[in-house]
Structure formats: structure tokens, C-alpha cells
1. Being over 22 Å from the mean Cα position of the chain (by Cα) and in a strand (DSSP E or B) is the filter; apply it to segment 177-210 and report the residue that is modelled with the highest pLDDT.
2. Report, by residue number, each residue of segment 32-58 that is open to solvent by 30 Å² or more (accessible area, probe 1.4 Å) and over 25 Å from Arg185 (Cβ atoms).
3. For the subset of segment 150-176 comprising residues that are assigned to a loop (DSSP other than H, G, I, E, B), of a type outside the set (A, V, I, L, M) and closer than 28 Å to Asp15 by Cβ, which member is most open to solvent (accessible area, probe 1.4 Å)?
4. For segment 87-117, enumerate the residues that are closer than 11 Å to Leu14 by Cα, surrounded by 18 or more Cβ atoms within 10 Å (Cβ to Cβ) and not aliphatic (A, V, I, L, M).
5. Among the residues of segment 120-143, is any open to solvent by 90 Å² or more (accessible area, probe 1.4 Å), hydrophobic (A, V, I, L, M, F, W, C) and either under 26 Å from Gln68 (Cα atoms) or modelled with pLDDT under 80 (or both)?
Amino acid sequence: MNTETTTHTTATGLDNLTKIINAVALHASTDKQRYALTGIYITAKNITATDSYTMTQYTPTEPITTGQPALIDARELTTALNNLTKAAKAWQKPQATLTTTATTWTLTTTNSTQNNPPTTGSYTGQTMNAEHPNTKQLLDTTTPATTPFEPTGFNPDYLERITKASRKLSKTTPLIMAIWQTPSRPVIYTTTTEQGQLLSLIMPQRITPTK
């Protein structure tokens with residue numbers, strides 16, 4: 001008997017889902033040798049991606065999924081969403097539903113928020129057979145900084161990535177530095193909209209002051 005469980009999602013605005021995934025995907029690795037880091041990890045509470053240099057986690061107001069987690073190739077998922085979004089330009093309120101099993105994910109779109117609208121587009125792919133890094137400990141923001149400020153630097157390319165991810169969600173909402181602890185701990189930025197919150201992490205670089 002097949003005991004494979006299925007993750008069902010509630011319908012989400014297609015444009016909004018595309019913006020969220022594209023923002024998070026900026027932090028996924030493009031290095032195929034780091035296979036697990038090329039994916040976006042989607043759970044009932046969060047959507048996360050990291051390349052080990054930066055990390056972002058989006059917490060939607062309403063869950064994107066309601067069941068088992070899934071690791072999905074970032075490039076494949078964003079391509080599917082972008083293609084379906086282009087095909088839905090003529091629709092007034094395009095909706096998207098993402099469904100995952102232990103081995104597959106399916107993205108379907110409809111052109112209406114009404115009950116049981118017909119499916120107008122669909123894409124099916126394989127979930128990634130890999131374990132996404134445990135990012136929970138990096139996001140432990142309960143301990144405030146206890147050491148004085150030290151000169152610290154940030155890679156400008158990574159800062160630009162965080163800014164781009166924020167602007168994909170909103171061009172007017174401020175990007176806020178929410179957590180600053182020490183030069184050996186990550187700095188966390190947030191972008192909060194009515195639909196949810198994007199949380200982005202960047203590791204600082206210790207700077208040796210010149211004499």
C-alpha cells in the first residue's frame with residue numbers, strides 16, 4: 001500500500017507567490033557541486049534559501065503549504081512561476097497552488113478566486129533528494145549583543161543581493177537592520193509587508209583597523 005503523504009496548499013495569488021519565491025531564490029547557491037544549497041526549502045511556516053554566505057527566510061501571513069516540507073530546485077521553481085505568470089497576464093486574479101509529495105511537486109494555476117475554477121496551467125517537477133542545512137540556530141535572536149562595537153565589513157555583492165530580494169517584494173517598504181550582535185555573528189535584515197515578512201541574513205567580515 002502506498003503510504004506516501006501529500007502536502008496540499010491553499011490557493012495563493014500567483015503574482016505574490018512569484019515575487020516571494022524570486023526574492024528568496026536570490027540567496028540559493030548556483031554551484032551545482034553544493035547541491036543541497038541550490039534548493040528552496042518550503043515548510044508550512046517558512047520559505048528558506050542559503051548559499052552559506054547569505055541566507056533569507058520568508059514567513060508568510062498565510063501558509064504557502066500545510067503539510068510535509070519540500071526542497072525544490074530554486075532555478076526550476078522560479079522558471080515555472082515566471083512562465084506561468086507570463087501566461088496569466090490577461091487574468092484578473094490569477095491563483096497558484098503548490099502541491100508536494102515525498103518525490104514530486106506540482107504547481108497549478110487558475111484564473112479565478114471562485115470555488116473550483118478550472119486549471120489553466122500546470123508544471124510538475126522532482127523534489128531534491130538532499131537535506132537542507134539547519135538554519136534555525138543562525139536565526140536565534142533571543143540573546144542581545146554583550147560586547148562593544150568592533151569595525152566590521154560586509155561584502156557589497158551580498159548586500160546588493162539582500163536589497164534586490166527586498167525590492168522584489170516592495171519598492172517602498174524599508175529594509176530594516178533588525179539584529180546586530182558581534183562581528184562573528186550574522187546580521188539580520190527584515191522587510192515586512194501585509195503579505196508577510198522577508199528575513200535576510202549576512203555574515204560580517206572582521207576588519208583589522210589600520211594604525
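1. Looking at the filtered set, the residue picked out is Gln205.
2. Lys32, Gln33, Tyr35, Ala44
3. Lys171
4. Correct list: Pro94, Gln95, Thr97, Thr108, Thr109, Thr110, Asn111.
5. Among the residues of segment 120-143, not one is open to solvent by 90 Å² or more (accessible area, probe 1.4 Å), hydrophobic (A, V, I, L, M, F, W, C) and either under 26 Å from Gln68 (Cα atoms) or modelled with pLDDT under 80 (or both), which makes the answer no.
Per-residue answers, yes or no, for (1) modelled with pLDDT under 90; (2) part of a helix (DSSP H, G or I); (3) at positive phi; (4) surrounded by fewer than 18 Cβ atoms within 10 Å (Cβ to Cβ):
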| residue | (1), (2), (3), (4) |
| --- | --- |
| Lys19 | no, yes, no, no |
| Val24 | no, yes, no, no |
| Ser29 | no, no, no, no |
| Thr65 | yes, no, no, no |
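The values are calculated or read from the model by the stated rules, or taken from the named source; none is laboratory data. Because the structure is a prediction, the values reported are computed rather than measured. A quick note on method: Cβ atoms are made from the backbone with ideal geometry, for glycine too, and the neighbour counts reach across all protein chains shown. Accessible surface is based on the protein model in full, side chains and every heavy atom, while ligands, DNA and RNA are left aside. Shrake-Rupley method; radii C 1.70, N 1.55, O 1.52, S 1.80 Å.
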